[in-house]
Amino acid sequence: MAFQMLLNFFLAFLWMFFKTSFTPAAFVVGYFWGLVILFIFRSYFPYRFYLHRVWAVIKLFFLFIKELVLSNITVLKLVLKPKVNIKPGIFALPTDLQKDWEIMLLGNLITLTPGTLTVDVSDDNKVLYIHAVHIDDVKDSVDSIKNTFEKAIMEVSR
């Protein structure tokens, strides 16, 4: 991925030199044509086209923002109720993520979302233990995290 990005920047600068125009607009046009060239020759690279990963990172960011807003609303509803009716608890989340940075990112995204906190990670990095302010159903909570954050992290890393 990094090689493709550097190659794209090189092609953009090469375009600027050929056009003898050193403006940001010339760089953007060169960057676009570099993308087109890299897309045409994408089968010659060992990894997939780098814009797929960039798009996956953008989707993960907006997914986190959406979950952050929804969790804030849910916690606000729990706090503003006149009678506190919560079921806090800790549940185990088995994960399919393998790399340390993927597990760290998942743990941080869970912790940054209001109402949940990553308490511990198992020694083999296969299970995360999560504390939630309110758990209706453990299976739904596990499925929710696996279908949102874990799936998005896998799209970024693979």
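Return the subset of Lys59/Lys83; Lys66/Lys126; Lys66/Lys87; Lys77/Lys139; Lys77/Lys99 for which the Cα-Cα distance in this structure is over 30 Å, preserving the input order. Violating the 30 Å limit, Cα to Cα: Lys59/Lys83; Lys77/Lys99. Pop the C-beta distance of Ala2 and Trp33 into the FRET formula with R0 = 22 Å and round what comes out to the nearest 0.05. Efficiency for this residue pair is about 0.65. Database remark: amide H of Ile86 closer than 5 angstrom to no amide H (H placed geometrically; neighbours at sequence offset of 5 or more, or on other chains; Pro and chain starts carry no H).
So what is the relative contact order for the chain, in percent, with contacts set as C-alpha pairs under 8 Å and at least six apart? Rounded, it is 22 percent for the chain. Using R0 = 35 Å, the C-beta based FRET efficiency linking Lys81 and Val54 works out to 0.25. Full extension of the segment from Lys19 to Lys99, taken as 0.36 nm per residue of separation minus the current Cα-Cα distance, would add 24.4 nm.
Could you work out how far helix 2-19 tilts from the main Cα principal axis of the chain, as a 0 to 90 degree angle to the nearest 10? Result, in degrees: 40.
Bear in mind these aren't lab numbers, they're just calculated from the coordinates by the rules spelled out. Keep in mind the model is a prediction, meaning the values are calculated, not measured. Counting neighbours? That spans all protein chains shown, and the Cβs are built from the backbone with ideal geometry, glycine included.
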